[in-house]
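One structure is given here, and the rest of the page talks about it.
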Amino acid sequence: MESKMAKKARADELVVLQGLAPDLLTARRLIMAGEIRSGDHVWEKAGEKLSVATVLVHKPKHCRWVSRGGLKLERAFAVFNLQADGLRCLDIGASTGGFTDVLLHNGAREVVAVDVGYGLLDARLQNDPRVIVKDRTNFKLVADTEFGEAFDLAVTDVSFISLRQILPKAAVMLKDAGSVLALIKPQFEAEREQVPEGGIVIDPQVHLQVILSLQEFLNATARLYLHELVPVPRVDPRKNIEFLSHWKKTQQQFSAEKISEIIAAAHASKS
């Protein structure tokens, strides 16, 4: 009987296959710079053969968090003047743990890190006693009481799924005084016909419609109300504009005019 050998690929090829670099040359530069790793191991040879099941992470050396996603939550904490001191937090779609890292840095008592994937969370965070790792967990399908004690704060940065499928359940798991920090990605909230080929939504009217529609939906179904909204600065102007949003259970009217002004400012900015 023929033995089943695990399929392998060059490290640089795997970097490209996993979307961490656009081409082999860039992949090799990242590897030589020591910015490609899995867990605590840094891969330093572009030609090294790895199992295709190896989950690679690009961690730029200049980033203070385990992933660049942490920069987004760091901005939310700064702009919204938030702290996580002593809070029990839920990170939905934790991935490598950029958001979890920021929560711990800001004093979180405990973070439940949920992701449908496996082994993605940075090894340092996996070994932190304040982090409860919930891998291979589809948040949409968990029971409302799955994680025990209610949360003070929920954060989420998810792709290829609408926040409509995430935030109502998150709201049920929150304390009455709790809140949600969610990254709004218009390309995953808009109607299919509103998203051009290539997935880049550039129409400010679509952005406005997406946020107003999401606000109306969450008001009605989750009793979550928009309190603060700010665009994420873009490193690459060719990429989608995303918005950091802060939701609470206390009612507040966030007007269409105010949302429109924020969107206009985001489109006017070159950052």
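Laboratory data are not the source of any read-out in this text; all were calculated from the coordinates shown. This structure is a prediction, so every number in the text was calculated from the model and none was measured. Because the Cβ atoms are built from the backbone with ideal geometry, glycine has one as well, and the counts that use them run over all protein chains shown.
What FRET efficiency comes out for residue 52 versus residue 192 if R0 is 30 angstrom and r is the Cβ-Cβ distance? Round to the nearest 0.05.
Numbers: r = 32 Å, r/R0 = 1.05.
Efficiency, from the Cβ-Cβ distance: 0.45.
Of the residues 171, 259, 240, the one whose Cα sits farthest towards the positive end of the charge dipole of the chain is 240 (charges of +1 on Lys and Arg Cβ, -1 on Asp and Glu Cβ, taken about the Cα centre). Applying both filters, DSSP loop and at most 11 other Cβ atoms within 10 Å, to the trypsin sites (Lys or Arg not before Pro) of the stretch 132-200 gives 136. Measuring how big the stretch 162-236 is from its alpha-carbon positions, Rg and Dmax come out at 13.4, 41 Å.
What would the Debye equation give as log₁₀ I(q)/I(0) for the chain at q = 0.14 Å⁻¹, counting only Cα atoms as equal point scatterers? The Debye formula, applied to the Cα set alone, gives -1.05.
Computed about the Cα centre, the dipole magnitude for the stretch 8-58 is approximately 120 debye when only Lys and Arg (+1) and Asp and Glu (-1) carry charge, each at its Cβ.
Dimensions of the stretch 8-58 based on its C-alpha atoms, expressed as ranges along the principal axes with the largest first, amount to 21, 19, 17 Å. Treating each Cα of the stretch 1-155 as one equal point scatterer and applying the Debye formula with no solvent, the log10 of I(q)/I(0) at q = 0.21 Å⁻¹ comes out as -1.26. A viscosity of 1.306 mPa s and a temperature of 10 °C, combined with the Kirkwood radius over C-alpha pairs in the Stokes-Einstein formula, give the stretch 117-252 a diffusion coefficient of 97 µm²/s.
Using the Cα centre as the reference, give the magnitude of the dipole from point charges on the C-beta atoms of the chain (Lys, Arg: +1; Asp, Glu: -1; all else neutral), rounded to the nearest 20 debye. Don't jump to the answer; show the numbers that get you there.
Numbers: 35 positive and 34 negative charges, 114 e Å.
For the chain, the charge dipole is close to 540 debye.
Going from the fewest other Cβ atoms within 10 Å to the most, the residues 135, 40, 128, 91 appear in the order 40, 135, 128, 91.
With an 8 Å Cα cut-off and a minimum separation of 6 or more residues, compute the relative contact order for the stretch 8-58 in percent.
Working: 73 pairs, mean separation 23.0, N = 51.
Computed value for the stretch 8-58: 45 percent relative contact order.
The length gained by stretching the chain between residue 68 and residue 123 to full extension, at 0.36 nm per residue less their Cα-Cα distance, is 18.2 nm.
Run through the DSSP bridge list for the stretch 69-268 and note the antiparallel percent, rounded to the nearest 5. All intermediate terms of the calculation are to be shown ahead of the outcome.
Numbers: 12 of 30 bridges.
Restricted to the stretch 69-268, the bridges split so that about 40 percent are antiparallel.
Divide the volume of the convex hull around the Cα atoms of the stretch 185-271 by the residue count and you get 85 Å³ per residue. Taking each DSSP H run with n ≥ 4 as -39500 (n - 2.57) and averaging over every residue of the chain yields -8500 deg cm²/dmol at 222 nm. For the stretch 124-271, the relative contact order comes to 23 percent (Cα pairs under 8 Å, sequence separation of at least 6).
Can you tell me, using C-alpha contacts under 8 Å and at least 6 residues apart, the relative contact order of the chain as a whole percent?
Working: 476 pairs, mean separation 32.4, N = 271.
The normalised contact order for the chain reaches 12 percent.
Under a Cβ-Cβ cut-off of 14 Å, what is the net charge of the residues other than residue 157 that fall near it, where Lys and Arg count +1 and Asp and Glu count -1?
Working: positive: 68, 72, 75, 185; negative: 74, 91, 101, 115, 189, 242.
Overall, the nearby charge balance is -2.
With the convex hull of the Cα atoms taken as the outline of the stretch 72-186, the averaged projected area works out to 6.7 nm².
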